[in-house]
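J.: Sharing a structure, written as structure tokens. Questions coming.
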């Protein structure tokens, strides 16, 4: 197994089986720094192959060390480039969307086939959870009430505050009052691919549970 280099460029490791020790073969791997889940991050492999070779790059979702060849990779991986034919100077680049927070490993290989490689590089990245900003969390409270068909006057009188619980989660509390009407509520707002919420609301002697999944239903 090949340990990845956290810098993102990797350490060039030449393996046994090169037919011509004087052959000019090189490989570099670059992965965008500080990737965030559900956002695109750049990944690029470049180098030189004096003879026709194949380029393999994959992503390990568990952050494991790179296998010695592409053929030995585990089932918990995702292909970025699979057997891309290269000859001479080459650059292969794309953007990836990573959905799973935590440590990810990126592994690049250059060789004649999946079982024989001349170069292998590894780069590790810590994929962060999405960043939910306080303003967006507060706006979600008003949006939720509108989408659950509360009157405009309820939203116009809204008072709210949200406390951060993590990078991607807030706990919000809110109230709205005017003559003849009083409402209060609280609950979490979170961000993954999209914003979600679950509010327990008390209004006019009744309790409602409002979520992003039951939007469009009248609270009455």
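The values are calculated or read from the model by the stated rules, or taken from the named source; none is laboratory data. Since the structure is predicted, the reported quantities are computational estimates derived from the model, not experimental observations. Please note: Cβ atoms are built from the backbone with ideal geometry, for glycine as well, and neighbour counts cover all protein chains shown.
J.: Test residue 199 against the stated conditions and say whether it is closer than 13 Å to residue 145 by Cα, in the same structural domain as residue 149 (by TED's automatic domain parsing) and under 30 Å from the mean Cα position of the chain (by Cα).
T.: Considered against the rule, which asks whether it is closer than 13 Å to residue 145 by Cα, in the same structural domain as residue 149 (by TED's automatic domain parsing) and under 30 Å from the mean Cα position of the chain (by Cα), residue 199 comes out as yes.
J.: When you go through (1) touching a residue at least 60 places away in the same chain (Cβ under 8 Å); (2) in a strand (DSSP E or B) one by one for residue 190, which number turns out not to apply?
T.: Condition (1) is where residue 190 drops out.
J.: Further question on the same structure: Considering each of 135, 180, 161, 205 in turn, give the residue that is touching a helix residue (DSSP H, G or I) at 6+ places or on another chain (Cβ under 9 Å) and without any contact (Cβ under 8 Å) to a residue 60 or more places away in the chain.
T.: Matching residue, one of 135, 180, 161, 205: 161.
J.: Also: Which condition number does residue 158 fail, the rest of (1) over 30 Å from the mean Cα position of the chain (by Cα); (2) surrounded by 15 or more Cβ atoms within 10 Å (Cβ to Cβ); (3) assigned by TED's automatic domain parsing to the domain that holds residue 40 being met?
T.: (3)
J.: Is it the case, given these coordinates, that residue 137 is part of a helix (DSSP H, G or I) and either more than 30 Å from residue 44 (Cα to Cα) or assigned by TED's automatic domain parsing to the domain that holds residue 106 (or both)?
T.: Criteria met by residue 137.
J.: In the set 193, 206, 217, 198, which member is modelled with pLDDT under 95 and within 30 Å of residue 98 (Cβ to Cβ)?
T.: 193
J.: Could we say that residue 192 is under 23 Å from residue 132 (Cβ atoms) and touching a strand residue (DSSP E or B) at 6+ places or on another chain (Cβ under 8 Å) here?
T.: Numbers: under 23 Å from residue 132 (Cβ atoms): yes; touching a strand residue (DSSP E or B) at 6+ places or on another chain (Cβ under 8 Å): no.
So residue 192 fails the test.
J.: Give me the residue from segment 54-83 that is in a strand (DSSP E or B), at pLDDT below 95 and over 20 Å from residue 127 (Cβ atoms) and, out of that set, nearest to the chain's Cα centre (by Cα).
T.: By that ranking, first place goes to 82.
J.: Could I ask something else about it? Residue 180 is checked against (1) modelled with pLDDT under 95; (2) touching a strand residue (DSSP E or B) at 6+ places or on another chain (Cβ under 9 Å) and fails just one. What number does that condition carry?
T.: (2)
J.: Report yes if some residue within segment 4-11 is more than 30 Å from residue 168 (Cα to Cα) and modelled with pLDDT of 50 or more; otherwise report no.
T.: no
J.: Here's something else I'd like to know. Hey, residue 136 hits all of (1) at pLDDT 95 or above; (2) within 30 Å of residue 60 (Cβ to Cβ); (3) out of contact with any strand residue (DSSP E or B) (no Cβ under 6 Å at 6 or more places or on another chain) but one; which does it fall short on?
T.: (2)
J.: Now for a separate question. Within segment 140-182, track down each residue that is more than 30 Å from residue 37 (Cβ to Cβ) and in a loop (DSSP other than H, G, I, E, B).
T.: Those that are more than 30 Å from residue 37 (Cβ to Cβ) and in a loop (DSSP other than H, G, I, E, B): 149, 150, 151, 157, 179, 180.
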